[in-house]
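Just below is one structure, and these are the notes that go with it.
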Amino acid sequence: MFTKRPAISAVSAATALGLAAIALTGCATSAAGSSVADDCTPAHEGLTTYTDGVLTVGVPENLPYTKTEGTDASGLEIEVIKKIAEAECLDVAFVPITYANGIPMISEQKKTDLITGGWYVTEARAEQVGFTTATFYDAMGIISADGASTIDALESIGDVGSGAGFSWEADVSAILGDHFKTYPGTMEMKQDLVNGRIQAALDGYAVAVAAYADTDFTVEVVEPDERVAITTEQPRIAFPIAKENTALNAAISELIDTYREDGTLAEVLAAYDLPADLLVPAEKSSTDF
């Protein structure tokens, strides 16, 4: 059973946090400080991680996907990661990351086995890291007071904010011109929307649902518009993982596919008040390019 976590204001993901193994449910403490039982049998034998016996996971502040909580973490992707680690008899160490340093933490610094936080599968990223099988879809969400759901509506609504770095940025900027403003994160943008400095905001749908749950603003999935590519092809989310660790990728992907089939991923979405149609079906889950 998955527990829904309340939305909490994001804090800086750059806050220093040492690696700390998190105890896994149902595993008795064994020797050398591990929380994994001595008689635990992994779903896949012989997996290699950067730290033996530990799955090191990068975590940005991006509810509902991920949030650090001291040495622990929470969020819908963390639910999945903890289940995977338990199946593979691994402890988990959560490491705070940002979206700027997340990919380099895997590809260059070699400090994490994988990262979480709702990462879109893109061909450019796939040149630097591997991707597990896809888990969930995302969509561009429009947040406004009157339920705007089209690009046409944004053209007359006033100033529109967006988190920086989204794939829709260039397309929407070309349409809205000086009325399009970018922000470093959801919380800064939300503050300006609440204070009336912008009249609408654009964010990932799942993130927006969590961020604006305590407000009177409405979050709508944008309707298709040929001028904005992301509106005609939903982005898919997966876990970026060390490109060279194909065995770990294959093992995690197999478990994710099992959770897709047995209803676990659907339960996670429901626990966070997200619709079932955000689950990527098996036939769309391959992240090969």
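Observations on the model:
- Of all residues in the range 246-284, exactly one satisfies the criterion of being among the aromatic types (F, W, Y) and within 16 Å of the chain's Cα centre (by Cα), namely Y272.
- Restricting the range 264-286 to residues that are open to solvent by 20 Å² or more (accessible area, probe 1.4 Å) and assigned to a loop (DSSP other than H, G, I, E, B), the residue that is nearest to T133 (Cα to Cα): S286
- So D72, is it closer than 24 Å to E244 by Cβ and at pLDDT 95 or above: no
- Matching residues in the range 64-78 - criterion: being in contact with a Leu (Cβ under 9 Å, 6 or more places away or on another chain) and of a type outside the set (G, A, S): P64, Y65, T66, T68, T71, L76
- Any hit, the range 17-33, residues being part of a loop (DSSP other than H, G, I, E, B), among the polar types (S, T, N, Q), modelled with pLDDT of 60 or more and more than 19 Å from N249 (Cβ to Cβ): no
- Among residues of the range 267-281 that are over 13 Å from L76 (Cα atoms), those with a Cβ under 6 angstrom from a residue that is open to solvent by less than 40 Å² (accessible area, probe 1.4 Å) and part of a loop (DSSP other than H, G, I, E, B), sequence gap 6+ or separate chain, pair up as V280/A134.
- Residue selected from the range 102-129 under the condition among the hydrophobic types (A, V, I, L, M, F, W, C) and outside any strand (DSSP E or B), by the criterion modelled with the lowest pLDDT: A124
- Selection from the range 57-78 of residues that are surrounded by 22 or more Cβ atoms within 10 Å (Cβ to Cβ) and not in a strand (DSSP E or B): P60, E61, L63, P64, Y65, G75, L76, E77, I78
- Of the residues making up the range 92-129, those that are among the hydroxyl-bearing types (S, T, Y) and buried (at least 23 other Cβ atoms within 10 Å of the Cβ) number 2.
- Scanning the range 235-252 for residues that are open to solvent by less than 20 Å² (accessible area, probe 1.4 Å) and in a helix (DSSP H, G or I) yields a total of 3.
Here is a yes/no grid of residues against (1) within 13 Å of the chain's Cα centre (by Cα); (2) over 23 Å from P184 (Cα atoms); (3) free of Cβ contacts under 8 Å to residues at least 60 places away in the same chain:
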position	(1), (2), (3)
K82	no, yes, no
D91	no, yes, no
Y99	yes, no, no
A124	no, no, yes
I142	no, no, no
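The values are calculated or read from the model by the stated rules, or taken from the named source; none is laboratory data. Just so you know, these numbers come straight off a predicted model, no measurement behind them. A quick note on method: Cβ atoms are made from the backbone with ideal geometry, for glycine too, and the neighbour counts reach across all protein chains shown. With ligands, DNA and RNA removed, areas are computed over all heavy atoms of the protein, side chains included. Shrake-Rupley method; radii C 1.70, N 1.55, O 1.52, S 1.80 Å.
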